[in-house]
Amino acid sequence: MVSAFLALIPMVPYAAFRASIPAMAPLAAAAQDEPVEVPVHPLIPAPAAPGGPPSPLSGRAVREASRGWDWKPLESPGWKILMADHFVLRGDVPVSGLRTAAAYLEEFRRMVRGAVGGDDDGIMFSARVFADPRDFRRYAACCGAANAESFYDPRSSELVVWLDPTRGNPWLQKTLAHEFTHAYMDRVWRRTEPLWFAEGMAEYFSTFAVRAGRLVPGATDRPALLLLRLDDPVPLRRFLKLGRDEMYGDSFPLLYAQSWSFVHYLFSRADGTIDLLLRGEPLDKVEELERGWKEYLRTLE
């Protein structure tokens, strides 16, 4: 059901877990100045290696990518619409904020499309960016995502975020990558479930690194690994059948960590399993997969 999927997609309640991460550099200068150096936290993407090609998420890259994108005001006071190459963004944030979000999303599209394929030719993805958290909360409540910090609404095929200026670019990047993955899986692959796969894919692509000037998914999420080492993961047969109440219940941090790690393992196999899941095929040989996954976890650092 569409309404059930809407309740699935918001980053709830995992967003609350991430909210404890210390605030990073402000977003205001993202589209105008080169990014300042910030400490790398295990939950945020790694910056480009010193001396290597520049990050495609840098301020300069954002300016170059967004130079030809048109925008115009909407009827609602303060609201604007910006047309990027593959995205339509509406928001009441400054135009520089819309350009930054759009440039990030274009890079995330390249990353996800390059990893899982699919035909998105002719698809214009949509995003809504709020400046005021109260307006975002009201809109989220109307969409059935009252507790979300961000969400993807399949009814409108729109990802929705509040551009929190205290969180910094790494938080915005991770948030947009997570929600865009949901949008790509829904609109390109028509995949909204199972829940572990939907959230595991979103976590996999939102934990990325910058290598040779490109975004590479599947960086190690060390806090997730720590959770998995402190607590016993759910047996795989039960985990693969988790419903919404369990996935977003009290054990959500562990279940998100398990989703990320299992998807990470499936990508490492490079045997077509991810492609089968994208096409709606069920997993078989679950016991064999569980043994391989647990062994794989011991190799991750």
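The values are calculated or read from the model by the stated rules, or taken from the named source; none is laboratory data. Not measured: the values here are computed from a predicted model. Please note: Cβ atoms are built from the backbone with ideal geometry, for glycine as well, and neighbour counts cover all protein chains shown.
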Self-check item: Those residues of the range 95-127 which are buried (at least 17 other Cβ atoms within 10 Å of the Cβ) and in contact with an Asp or Glu (Cβ under 7 Å, 6 or more places away or on another chain), in sequence order
Solution: Glu106, Ser126, Ala127
Self-check item: Test for Pro154: is it under 25 Å from Arg113 (Cβ atoms) and either β-branched (Val, Ile, Thr) or surrounded by fewer than 24 Cβ atoms within 10 Å (Cβ to Cβ) (or both)
Solution: yes
Practice problem: Please enumerate the residues belonging to the range 59-76 that are surrounded by 10 or more Cβ atoms within 10 Å (Cβ to Cβ) and within 16 Å of Leu105 (Cα to Cα). | Solution: Gly59, Arg60, Ala61, Val62, Arg63, Glu64, Ala65, Ser66, Trp69
Quiz prompt | Unique match (being touching a strand residue (DSSP E or B) at 6+ places or on another chain (Cβ under 7 Å), part of a helix (DSSP H, G or I) and either at pLDDT below 95 or not acidic (Asp, Glu) (or both)) among Leu172, Leu105, Leu159 | solution = Leu105
Practice problem: Check the range 132-140 and report whether any residue there is at pLDDT 95 or above, outside any helix (DSSP H, G or I) and more than 19 Å from Gly59 (Cβ to Cβ). | Solution: yes
Quiz item: If you take the residues in the range 251-273 that are of a type in the set (Gly, Ala, Ser) and closer than 13 Å to Asp231 by Cβ, which one is farthest from the chain's Cα centre (by Cα)?
Solution: Ser251
Self-check item: Sole exception among (1) in contact with a helix residue (DSSP H, G or I) (Cβ under 6 Å, 6 or more places away or on another chain); (2) over 24 Å from Val188 (Cα atoms) for Ala131, by number
Solution: (1)
Quiz item: Just checking, how many residues over the range 56-98 are of a type in the set (Lys, Arg) and outside any strand (DSSP E or B)?
Solution: 3
Quiz item: Does the range 259-300 hold any residues that are aliphatic (A, V, I, L, M), over 14 Å from Phe239 (Cβ atoms) and at pLDDT below 95, and which are they?
Solution: Ala270, Leu300
Practice problem: Scan the range 175-194 for residues that are touching a helix residue (DSSP H, G or I) at 6+ places or on another chain (Cβ under 7 Å) and either part of a strand (DSSP E or B) or surrounded by 22 or more Cβ atoms within 10 Å (Cβ to Cβ) (or both) and report the count. | Solution: 8
Quiz item: Looking at (1) of a type in the set (D, E, K, R); (2) at pLDDT below 95; (3) surrounded by 18 or more Cβ atoms within 10 Å (Cβ to Cβ), can you tell me which one Asp92 breaks?
Solution: (2)
Quiz item: Applying the selection to the range 247-287, what residues are crowded, with 21+ Cβ neighbours inside 10 Å, assigned to a loop (DSSP other than H, G, I, E, B) and hydrophobic (A, V, I, L, M, F, W, C)?
Solution: none
